[in-house]
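Beneath this line is the structure, given in structure tokens, with notes to follow.
The values are calculated or read from the model by the stated rules, or taken from the named source; none is laboratory data. As the structure is a computational prediction, the values presented were derived from the model and not from experiment. Here Cβ is always computed from backbone atoms with ideal geometry, including for glycine, and neighbour counts include all displayed protein chains.
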Amino acid sequence: MPVDALDASILRLLVERPRTSVREYARILGVARGTLQARLDRLERAGVMTPAGPRISPAGLGHPVLAFVRIEVTQGCLDKVGHELSAVPEIIEAFSITGSGDLLTRVVARDNPHLEDIIQRLVQLPGVVRTRTEIALRERVAHRVLPLVEAVGGGAVSDGERAAR
């Protein structure tokens, strides 16, 4: 779906001011509330954005260790192993991949011994051949989408940038 400058401005506001009302977004952007709501609905239907919800920190829940675990799977067992991974609460994301391994998971743990316990649980799953674990030391670029929004939306500007012009 093509994202125009207004869509990009809406997305930027959603990221920068997530707790602002639709009425306030419309006021900031200088569009009717109905226009803004229609754009939000269209962006959601098109899969450009997902319904808003709280962003929960695993570290805040007592799981500050982050690791990426590559899993090599026996041929024909990818779906079964993928399903089994959903039963491990410390796996917060899992993707089938190309290259080294078949699955890439993002795993959180309380500490390194807990991480080892999780990995031992993974290697015991039927269909798992081996794993390779890399522990994240420090986040260098936090999860972000604004640079992409700006690239596809024609360089939308924030409210603060607009006021400065």
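Condition test on Met1, is it farther than 28 Å from Val108 by Cα, in contact (Cβ under 8 Å) with a residue 12 or more places away in the chain and in a loop (DSSP other than H, G, I, E, B)? The answer is yes for Met1. Condition check: loosely packed, with under 14 Cβ neighbours inside 10 Å, among the hydroxyl-bearing types (Ser, Thr, Tyr) and at pLDDT below 95. Does Ser100 satisfy that? So Ser100 fits the description; yes.
Please find, among Ala136, Ala142, Ala94, the residue that is under 19 Å from Arg55 (Cα atoms) and surrounded by fewer than 14 Cβ atoms within 10 Å (Cβ to Cβ).
Exactly one residue qualifies, and that residue is Ala142.
Looking only at region 98-110, residues that are in contact (Cβ under 8 Å) with a residue 24 or more places away in the chain, over 13 Å from Pro58 (Cβ atoms) and not hydroxyl-bearing (Ser, Thr, Tyr) come to 4 in all.
Working carefully through the options Ala109, Ala59, find the one that is touching an Asp or Glu at 6+ places or on another chain (Cβ under 8 Å) and either surrounded by 10 or more Cβ atoms within 10 Å (Cβ to Cβ) or farther than 30 Å from Ser21 by Cβ (or both).
Ala109
Candidates are the residues of region 112-129 that are farther than 12 Å from Leu85 by Cβ and among the hydrophobic types (A, V, I, L, M, F, W, C); the one that is surrounded by the fewest Cβ atoms within 10 Å (Cβ to Cβ) is Val123.
Residues of region 34-56 that are assigned to a loop (DSSP other than H, G, I, E, B) and either touching a residue at least 60 places away in the same chain (Cβ under 8 Å) or on the phi < 0 side of the Ramachandran plot (or both): Ala46, Val48, Met49, Thr50, Pro51, Ala52, Gly53, Pro54, Arg55, Ile56.
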